[in-house]
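Following: one structure in structure tokens, then a few remarks.
The values are calculated or read from the model by the stated rules, or taken from the named source; none is laboratory data. Given the structure is predicted, the values throughout are model-derived calculations rather than measurements. So basically every Cβ, Gly included, is an ideal-geometry build from the backbone, and we count neighbours across all protein chains shown. SASA here: full protein model, heavy atoms, side chains in, ligands and nucleic acids out. Shrake-Rupley method; radii C 1.70, N 1.55, O 1.52, S 1.80 Å.
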Amino acid sequence: MNTLAAYAIALLIPPLAFYGIHALDLFKTSKPQMVALCALWGAFAAYPLAALINGELHSLIGYTLVVSLAAPVIEEMLKALVLFYCTRQPSFYYFVDGAIYGFGVGIGFATLENLAYVSASPSLALAVTRVLSTSLMHAMTSGIVGIGLGRLRRARAPLLPLLTMITAISVHVIYNNTVNNLTGVSLLLVAVGIGIGGAALIALQIVYGLRQEKQRFSETLGLANDVSPGERQAIQRLGGASITAILHELRQTFGEANVDLIERLLVTQANIGILENNLTSCVVSPRLRAAWETEIAQRQAESQALRHQLGRSVLSYLQDLFPTQDSAMWVDLQAQFAAHDPTLVHTFDMFMRLSGLAYKFAPEQLEAMALRLSRIDIFRHISLADLENLSRAVDVEDYADTTLLFDKGDDGDAMYLIERGAIAIYALDHGRNERHLRTFGVGQVIGDFAVLDGEHRSARARAQGDLSVMVLRREVFQMFIQSRPQVILAVLMVLAERARYTTGVVETTIQNLGNLARGDSASSIASAAVKDAALPVTEIAPDVSTLIELALVRCAARLALRLALVHSRDHAENAS
């Protein structure tokens, strides 16, 4: 029974000691795979190599000299090799990581060494003594090396690795020589004192390192220790640091993976705030209100999942930096995220709040406008709730007869949905004389594709009679779709349908021309007639550029039909 207990203590207590030290890494920047690598290196590479070399040296220089001098040098150098590798990895951030990795390699080394000693002399007292002394000593010395290497990430001190290695070897030499010269209770007290004291020293270094990181981070953001919470928030709002700088500093402390989660959490919270502001400040229909409430619930669930991944310590730190009760700071944070990446937050809703446009239409007007927008081809797959939200940014403008709305070559910066009157479209010759092309009436739209591509206008547009139009600006529509992937997908569905239709017409036209070349006029006549009849006629007319595209397709179909008729007539004449 004592033998089993000795093995259990020798094998299980050192990993438990490592678990206690690892728990102090509140920000959890050390990677599990790197910790495992260090422990495995200590157990299955450093210890066997050290045992082999030390065994050879015993016969050359004697046991005493090996234990008192050679073994500490050899063992510390072998354990440190994996730490030099770890500190060069992108996932290594600062000296707390070094302490964790160093403690891990030391515990791995000590666990195999304990097993060797207990196997030679299965004593419960020996197992207890070793796990409380030698095991922790190995962990401490490797932790010292890891701390020194970790400090290189923040300080230019090329001699630091050498100094920490000398320190670790010196501690190991002192330990070996001390315990070899003591016996009985004195040996036990000194050995255990050095082991436990060394582990406590590493723990204190980790705690100190975390405090130092917080201090450095606060100083970088311009937040002194002696400012009040109100002053601290004011400094943040006044631009002590942009969100880019904040994320950069957080990345140095928490690591890449944690900061990705932090950024997503901050963005999620910012969007929740934007949507909650919509609910409290806007009078809208039950349909739009329900859509906002549904999105808030979805984002709150996402926020909870992110919080669970980050852990309490990181969240506590973020709460100090971004207090939830400071609404002014969050408004500034929303604006900074919008400038950092407009696709992250609802910039459209922020624009509506700041411009005051969100309050100019009654819910009934917004519902009616959304219904009219849904009849426009590019909007037909977008939900009515989203279109009602978009309608809040629509302008209603009136124009007198013959007023110029836009000229040929102007930027396509808006679309016009006619509510009253008409819009006449004119082509311009080289002398810029007008030639009437078409007139659009009530319910029709001009420039729907302008809100997507912003291409230059291909013709001139004038008001015909007293004109009233709903105007949707391109820049507003772009803000609307940036953070709404469901709207982008709905628009892409329409574009894909148009692309497929145009491709089909072209392929059919080419096939008909091929039939004519082979003398199969009957197939060409039937196919061209069907295709011409099947050309889409939408209730709301497309932009001029789209009309030209459809006209070309229509002409191609009709040309195929005419060629087929001519070929048929010639064939009949030849036959007669």
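Computed values, structure above
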{"quantity": "Spin-label model distance (nm) - E475 vs A157, 7 Å beyond Cα toward Cβ", "calculated": "5.3"}
{"quantity": "Residues listed by number, segment 338-363, amide nitrogen under 11 Å from Q304 label point at 7 Å toward C-beta", "calculated": "none"}
{"quantity": "Taking segment 396-493 and dividing mean pair separation by its residue count, relative contact order in percent (alpha carbons under 8 Å, at least six apart)", "calculated": "42"}
{"quantity": "Portion, in percent, of the accessible area of segment 250-290 that falls on carbon or sulfur, probe 1.4 Å", "calculated": "54"}
{"quantity": "Cα-projected label distance for F84 with L357, points at 7 Å along beta-carbon direction, nm", "calculated": "6.3"}
{"quantity": "Cα gyration tensor shape of segment 400-512, rounded if a/c is under 1.5, else prolate or oblate by comparing a/b with b/c", "calculated": "oblate"}
{"quantity": "Portion, in percent, of the accessible area of segment 67-162 that falls on carbon or sulfur, probe 1.4 Å", "calculated": "70"}
{"quantity": "Relative contact order, percent, segment 248-326 [alpha-carbon distance under 8 Å, six or more residues apart]", "calculated": "37"}
{"quantity": "Probe 1.4 Å, accessible area per residue of segment 252-380, Å²", "calculated": "44"}
{"quantity": "Whether segment 292-387 is rounded, prolate or oblate, judged on the alpha carbon gyration tensor where a/c under 1.5 counts as rounded", "calculated": "prolate"}
{"quantity": "Accessible area of segment 327-384 belonging to carbon and sulfur atoms, whole % at 1.4 Å probe", "calculated": "60"}
{"quantity": "Solvent exposure ordering (accessible area, 1.4 Å, most first) of H172, H58, H456, H308", "calculated": "H308, H456, H58, H172"}
{"quantity": "W330, W292, W41, ranked by accessible area, largest first (probe 1.4 Å)", "calculated": "W41, W330, W292"}
{"quantity": "In range of the label at Y501: residues from segment 450-487 whose backbone nitrogen is under 16 Å from the point 7 Å along Cα→Cβ", "calculated": "none"}
{"quantity": "Between segment 96-134 and segment 337-353, the Cα center-to-center distance that results, in Å", "calculated": "56"}
